[in-house]
Every structure is written in structure tokens, then in C-alpha cells.
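Reviewing the structure listed below.
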Amino acid sequence: MLKFHEILQLADNGDSYAQCELAALLESSANDPSRYEEAAHYWRLAAENGSVRAMLRIAELCDLELIIHDDEEGQLWRRKAAKKGLHSGSSDIRNSDSQSQDQRKKVLILEDDPDIQDWLHELLAEEGFDTVKANNGIEGIDAIKNNHDIKLLLVDLAMPKMGGLEFIQYLADHNLLNEIPIIIATGSFKTKEHDHIERQLMVSSWLVKPFESEKFIRLVHRFVS
């Protein structure tokens, strides 16, 4: 789970998802109206970065008179959200609402931390991807065998029962990879040993947590397109 200071750092570096998460955290601890103003600062930053979730939340805060705002601000953000082809009345925003199920591409999230797993799921869902979640390598193997349409593997390294590298090695040994791209997402920095393993197992990319959501999404689109 990302710590508050890590979310703050990502938010201040322009990560729109972190800005939304920070704003939500500030709201949840709001004991006076000034905390809503702090939250609104990050909602607005995220909205300016294109987050529909943030656009709609700012509109809601304006409607509830919880923040200082111009008369037209709420409607302005709703119009911007509508231009993205989304329903302004929904708090569960998905860019893929208009996509049929057979058009949605599927990503396996192999991660034992439930908070990070949910965060990655939300990021991918907003971009129109379906996800399959697994808490360890054994569950991941079952997921691969039961979902033949998975287009990308997102793999943590340190997990109970079976770690990420063991999982990838098992898939390679049993001809289950089928050239599916692999992104390692872990708290561990790469070593020379990892470089060797990466080449041997054909790992497509390596991300060290915490990483910026925009960088992650760019990688996903590059490998799944």
C-alpha cells in the first residue's frame, strides 16, 4: 500500500491518479471546511490533467457548496466530462462504457497487496481494459489456464506460495506464455541477476513501485495495442 508521503510526492509530480487519491484522503479526514478546499486543489489539478473522476467530483463539491467556486464552475467540469463521452451522473467512471465485451482486452494482475491490486484494476478499467486478479503465482497459473484471451501479464515478484519469477518460469516451461507481454511491477530495484532473468524469460518491462500511473498506462497501451 502506498504511504501518504508517496502519494503526495506522486501528486505533486503531476500524477492525476495520485492527485485524485490524495484529494479523497483529504476529504475523508475533513473536520472543517478548509480541508475540502485542500482536497479541491488536488481535484482541480487532476481535472486539468484530464481525470473525469476529478471533473465530476469538483462539480459535486460545487453543488454541495463545500468549496469556494464560480457560479459556472460545476457546469464547466460537467461539460468537459461529457465531451469525453461519459455520463456525468455516474461516480463509477469507465472510458470503455461504449465498448462491447469482445472488444475489451484483458490484463492479468498478479499482486498480493489488495490496495495496489485495486489501484491497478481501477487504472486499467478507466482505460477500457478488463482485469483478472490473482494473489500469487499458483492463482495466476489457474487464471492463465481459464482465460485464454489475456493480452498482458502484470507481475509482482514477492508473493506467498509462488513468487513472480517462479510463475513466469512455470509458464515458459509449460508453453503457456504464447508471447504474452510481461510487465514486472515490484518494490525491488533491478540487479544484474534480474537483468539476466529478464532477458531469459523475455520480460517486456520493469517498473519499480511506487510508479506514476501515466507511465504505467503508456506501457500497457504500447504492449497491448
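The value of relative contact order for region 4-83, using C-alpha pairs under 8 Å at least six residues apart, is 23 percent. For the pair A158 and I217, a Förster radius of 22 Å applied to the C-beta separation gives a FRET efficiency near 0.40, rounded to the nearest 0.05. Pairs with C-alpha atoms separated by more than 24 Å, drawn from the list K106/K215; K80/K151; K3/K215; K80/K209; K105/K161, are K80/K151; K80/K209; K105/K161. Between R79 and E38, the FRET efficiency estimated from the beta carbon spacing at R0 = 22 angstrom works out to 0.30. Averaging 1/r across all pairs of distinct Cα atoms in region 4-83 and inverting the result yields a Kirkwood radius of 12.3 Å. Exposure proxy for S213, S28: other Cβ atoms within 10 Å of each Cβ, ordered fewest to most, give S28, S213. Rounded to 0.05, the FRET efficiency of the N178 and L25 pair, given R0 = 41 Å and the Cβ-Cβ distance, is 0.55. Each Lys or Arg adds one and each Asp or Glu subtracts one; over the other residues with Cβ under 10 Å from the Cβ of D15, this totals -3. In terms of other Cβ atoms within 10 Å, F4, F216, F167, F211 run from fewest to most in the order F4, F211, F216, F167.
Spin-label model, K209/I138: points 7 Å from Cα along the beta carbon direction are separated by 2.1 nm.
How high is the relative contact order of region 101-224, in percent, counting Cα pairs under 8 Å that sit 6 or more residues apart? Normalised by residue count, the contact order of region 101-224 is 23 percent.
Counted by neighbouring Cβ atoms within 10 Å, the residues L64, L176, L120 run from fewest to most as L64, L176, L120. Basic side chains Lys and Arg get +1 at the Cβ, acidic Asp and Glu get -1 at the Cβ, and with that the dipole of region 1-60 about its Cα centre reaches some 120 debye.
Every number in this text was worked out from the coordinates using simple rules, so none of it is lab data. Predicted, not measured: the structure shown is a model, and the values here were computed from it. Positions of Cβ are generated from backbone atoms using ideal geometry, with glycine treated the same way; all protein chains shown enter the neighbour counts.
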